[in-house]
Structures are given as structure tokens and as C-alpha cells.
Amino acid sequence: MTPEDKTAIRLSHLPPGKKAVIHSHEDSDFQLTLMEMGCIPGEPVWVEMIAPLGDPLAIQIAGYYLSLRKKDADKIWVTLT
């Protein structure tokens, strides 16, 4: 996934309340941990809340809430539904 692909955005840029589907991850040491927490390609996700200072984000995925740092959400590409 590249920024040139206009249909995909970073999870950290998804506005609260908008639904999306995880498309891919950037290669990182944290990639396996994200997938173990349920952030796998094809999984629906939406941002529930963003902390007052913008970090962390509370997302809903796989039937539960997950809190992610903004720098980790930057590594997840999603497509809007």
C-alpha cells in the first residue's frame, strides 16, 4: 500500500465514527503484535474516540475496544467502507 493509492488512508487519519476495513500493515517490529491483537487485513475497524491531545486512539475491532498509540496506528492502512 502506498500513499498514492487514493482509496486507502492511515488508521490514525480515520475520523471518529467512520468505518473502514484494514487493508495492510507497514513492515515493522510491531506488525506481529498488531495482528495478534486482531488488526488483521480484512477486519472491519472504526475509531471510537481520540484522546484530547490526539494520542492514543480507541478503536473497535473484532468485537472489543483497543487503545493504540498514534505512531502505531500510522502503520495500519485502511480502506473506507
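The values are calculated or read from the model by the stated rules, or taken from the named source; none is laboratory data. In this text the structure is predicted, and so the values were computed from the model without any measurement. Note that we place each Cβ from the backbone using ideal geometry, even for glycine, and neighbour counts take in every protein chain shown.
Do we have Gly42 as surrounded by 15 or more Cβ atoms within 10 Å (Cβ to Cβ) and at positive phi here? Here the answer is no, as Gly42 does not meet what is asked. Identify the residue in the stretch 7-36 that is modelled with pLDDT of 85 or more and in a loop (DSSP other than H, G, I, E, B) and, among all such residues, is nearest to the chain's Cα centre (by Cα). My answer is Leu14.
For the stretch 37-60, filtered to residues that are within 11 Å of the chain's Cα centre (by Cα) and within 13 Å of His25 (Cβ to Cβ), the residue that is modelled with the highest pLDDT is Val45. Considering Ala73, Ala62, Ala51, Ala8, the condition of being touching a Phe, Trp or Tyr at 6+ places or on another chain (Cβ under 6 Å) and among the small types (Gly, Ala, Ser) is satisfied by Ala8 alone.
Among residues of the stretch 11-24 that are farther than 19 Å from Met35 by Cβ, those with a Cβ under 8 angstrom from a residue that is surrounded by 13 or more Cβ atoms within 10 Å (Cβ to Cβ) and among the aromatic types (Phe, Trp, Tyr), sequence gap 6+ or separate chain, pair up as Gly17/Trp46; Lys18/Trp46; Lys19/Trp46.
If you go through the stretch 56-77 and keep only what is assigned to a strand (DSSP E or B) and touching a residue at least 40 places away in the same chain (Cβ under 8 Å), you end up with Leu57, Ile59, Leu68, Ile76, Trp77.
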